[in-house]
Amino acid sequence: MNVVFAVKQYVSKMIEDSGPGMKVLLMDKETTSIVSMVYTQSEILQKEVYLFERIDSLNRETMKHLKAICFLRPTKENVEYLIQELRRPKYSIYYIYFSNVISKSDVKSLAEADEQEVVAEVQEFYGDYIAVNPHVFSLNLLGCCQGRSWDLAQLSRTAQGLTALLLSLKKCPMIRYQLSSDPAKRLAECVKQVITKEYELFDFRRTEVPPLLLILDRSDDAITPLLNQWTYQAMVHELLGINNNRIDLSRVPGISKDLREVVLSAENDEFYANNMYLNFAEIGSNIKNLMEDFQRRKPKEQQKLESIADMKAFVENYPQFKKMSGTVSKHVTVVGELSRLASERNLLEVSEVEQELACQNDHSSAHQNVRRLLQNPKVTEFDATRLVMLYALHYERHSSNSLPGLMMDLKNKGVSEKYRKLVSAVVEYGGKRVRGSDLFSPKDAVAITKQFLKGLKGVENVYTQHQPFLHETLDQLIKGKLKDGQYPYLGPSTLRDRPQDIIVFIIGGATYEEALTVYNLNRTTPGVRIVLGGTTIHNTKSFLEEISASGFRGRGAESSQVTVRASSRR
């Protein structure tokens with residue numbers, strides 16, 4: 001179950017099927033992102049694709065010597081663009097691939113438009129999602145719900161993305177969903193509908209244990225996306241933002257022109273592939289080794305080129321040398337910037353208190369530590385608000401809840417009202433009233449013992465002690481202990497055996513910390529393969545945008561004091 005490989009295979013098959021000769025790849029906005037995640041331009045150039053065009057760009061030249069490979073989402077707009085294209089074809093022959101199921105009536109309209117008979121084939125290739133890591137995919141959708149209900153256009157797009165994923169991995173799953181979430185049930189039903197309607201497509205060879213699709217809701221764990229991160233990929237996303245593998249470094253002080261935007265892709269960057277899940281301390285020493293290795297190779301390149309053999313060796317090694325030089329300067333810049341931000345924003349101290357808020361249950365210590373950091377001028381308004389949000393979520397119904405005082409501290413610190421309002425918006429989005437599970441206090445004896453032992457042993461790393469709630473959910477699922485009452489099956493049949501192929505989808509977005517959890521579970525649980533998807537991949541900033549876009553505006557800071565006092569007496 002490798003989503004990067006699945007999309008890659010589709011793209012190479014499209015190009016191979018069109019045969020030898022020069023080609024243009026005609027895409028839309030979304031399929032451009034889908035392809036760019038799995039192939040670099042230079043890799044595609046080697047396959048005789050010399051031009052990349054958007055179907056919606058109006059001033060494309062006519063080039064009858066090129067074959068056109070069209071890879072498009074089956075939307076009304078794209079079908080209309082194609083009809084216009086086929087009426088006045090700019091290329092010699094067209095190979096059309098839709099990234100999802102296309103209706104018969106749309107195919108008929110295309111056939112009618114193809115008066116010059118330039119279409120060689122029309123096929124469905126189900127690469128209709130963004131393949132982020134081999135075990136992680138996203139749909140790049142922000143604000144998928146309005147309140148607690150789906151935005152219908154987003155529901156339709158999500159169901160399409162999820163069914164395409166199942167088709168590309170050749171899985172016809174049983175479906176379980178989070179009972180406390182209405183959107184989870186709606187999505188489960190929509191996916192089931194598509195599977196029933198397109199039963200011929202889903203007629204895969206039966207496996208002994210059927211695959212399982214588990215649909216969850218982000219609001220069940222609003223803590224994970226609020227935490228600072230210390231593993232490479234997650235930290236880069238939290239502090240710099242990863243957008244389709246691209247990182248914008250234009251704001252870095254004194255950045256050189258060629259490093260204003262860099263690409264971090266495990267597919268073609270060995271250092272990144274080996275380090276994306278390691279913590280920041282390890283990255284530091286690995287980058288030092290990378291530099292030293294580079295320095296060792298460097299003098300050899302500058303030796304005198306006296307013989308033809310010397311020159312030949314130099315030319316052969318030069319591309320590797322140049323590539324290595326690019327990798328070194330890129331990672332040194334990224335790690336340097338992460339390091340600068342961490343010290344400028346006092347993130348080690350902030351993160352320690354965040355972890356305490358997420359993992360410990362000592363109210364007075366947590367309250368003191370949050371107050372102390374709110375007085376610290378180095379702590380930004382963003383980090384200050386995030387600490388108060390974590391406090392508000394954890395101690396929402398604690399008898400000594402002191403949220404009104406912390407809200408005043410935020411105001412005195414000069415934190416803008418926009419941020420202060422978001423504190424109550426986060427509680428409204430993911431507070432105790434909404435959650436189907438207990439995020440903070442373990443209920444059964446085993447869990448309590450575990451937590452107690454964890455406290456005794458101490459934690460190897462105080463900054464990464466938090467485990468996303470997803471870890472517990474998947475752990476229970478793999479052991480066959482996930483309660484049907486909380487995560488019912490859709491339909492009458494249930495899974496008797498321990499699941500082997502699991503696809504987890506989080507409505508409202510997944511995080512790179514959860515991606516790390518799934519990566520570790522895949523590594524340590526033989527016989528189990530898990531793929532994680534989400535409507536998007538969040539960092540704290542995008543998570544707060546998601547909450548606002550979903551219509552959780554929060555109350556003014558002053559009115560939230562009244563409601564909090566009332567709730568703390570319950």
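The values are calculated or read from the model by the stated rules, or taken from the named source; none is laboratory data. Everything quoted here is computed from the prediction, not taken from an experiment. Note that each Cβ is placed from the backbone with ideal geometry, even for glycine, and that neighbours are counted across all protein chains shown. Ligands, DNA and RNA are excluded from the accessible area calculation, which covers all protein heavy atoms including side chains. Shrake-Rupley method; radii C 1.70, N 1.55, O 1.52, S 1.80 Å.
Remarks
- Residue 480 modelled with pLDDT of 90 or more, open to solvent by 30 Å² or more (accessible area, probe 1.4 Å) and not β-branched (Val, Ile, Thr): no
- Some residue of region 224-238 being over 25 Å from residue 2 (Cβ atoms) and without any contact (Cβ under 8 Å) to a residue 40 or more places away in the chain: no
- Against the test of being open to solvent by less than 10 Å² (accessible area, probe 1.4 Å), within 25 Å of residue 164 (Cα to Cα) and of a type in the set (S, T, N, Q), the options 540, 535 yield a single qualifying residue, 535.
- Flag for residue 17 being surrounded by fewer than 19 Cβ atoms within 10 Å (Cβ to Cβ) and under 30 Å from residue 211 (Cβ atoms): yes
- Within region 71-82, the set of residues being more than 30 Å from residue 266 (Cα to Cα), surrounded by 14 or more Cβ atoms within 10 Å (Cβ to Cβ) and under 28 Å from the mean Cα position of the chain (by Cα) comprises 75, 78.
- Of the residues making up region 261-292, those that are over 20 Å from residue 132 (Cα atoms) and either modelled with pLDDT of 90 or more or in contact with a helix residue (DSSP H, G or I) (Cβ under 8 Å, 6 or more places away or on another chain) (or both) number 8.
- Qualifying positions in region 101-122 - assigned to a strand (DSSP E or B) and more than 13 Å from residue 85 (Cα to Cα): 120, 121, 122
- Residue match in region 538-547 (condition: part of a strand (DSSP E or B) and either among the aromatic types (Phe, Trp, Tyr) or on the phi < 0 side of the Ramachandran plot (or both)): yes
- Enumeration of residues in region 35-70 that are open to solvent by 40 Å² or more (accessible area, probe 1.4 Å) and assigned to a loop (DSSP other than H, G, I, E, B): 40, 46, 47, 48, 56, 58, 59, 61, 62, 63, 64, 65
- Annotation note: Cβ proximity below 7 Å between a residue of region 270-286 that is of a type in the set (Val, Ile, Thr) and a residue that is assigned to a helix (DSSP H, G or I) (sequence gap 6+ or interchain) occurs for 283/232; 283/275; 283/335.
- If the condition is being part of a loop (DSSP other than H, G, I, E, B), touching a strand residue (DSSP E or B) at 6+ places or on another chain (Cβ under 6 Å) and closer than 30 Å to residue 94 by Cβ, then region 123-157 contributes 125, 129, 140.
- Of the criteria (1) assigned to a helix (DSSP H, G or I); (2) at pLDDT below 90; (3) closer than 17 Å to residue 217 by Cβ, which one residue 564 fails: (3)
- Verdict on residue 85 being outside any strand (DSSP E or B), open to solvent by 50 Å² or more (accessible area, probe 1.4 Å) and not hydroxyl-bearing (Ser, Thr, Tyr): no
- Of all residues in region 484-505 being open to solvent by less than 60 Å² (accessible area, probe 1.4 Å) and among the β-branched types (Val, Ile, Thr), the one that is nearest to residue 164 (Cα to Cα): 503
- Matching helices (runs of 4 or more DSSP H) fully within region 387-467 where at least 2 residues are modelled with pLDDT of 90 or more: 403-413, 417-430
- Looking only at region 1-27, and only at residues there that are within 21 Å of the chain's Cα centre (by Cα) and outside any helix (DSSP H, G or I), the one that is modelled with the lowest pLDDT: 1
- Remark: pairs (first residue in region 409-424, of a type in the set (Gly, Ala, Ser); second residue open to solvent by less than 70 Å² (accessible area, probe 1.4 Å) and modelled with pLDDT under 90; Cβ separation under 7 Å; 6+ apart in sequence or on different chains) = 424/554; 424/560.
- The number of residues in region 281-291 being within 25 Å of residue 4 (Cβ to Cβ) and not aliphatic (A, V, I, L, M) comes to 2.
- Residue in region 96-103 that is under 25 Å from residue 506 (Cβ atoms), out of contact with any Ser or Thr (no Cβ under 7 Å at 6 or more places or on another chain), of a type in the set (Gly, Ala, Ser) and crowded, with 18+ Cβ neighbours inside 10 Å present: no
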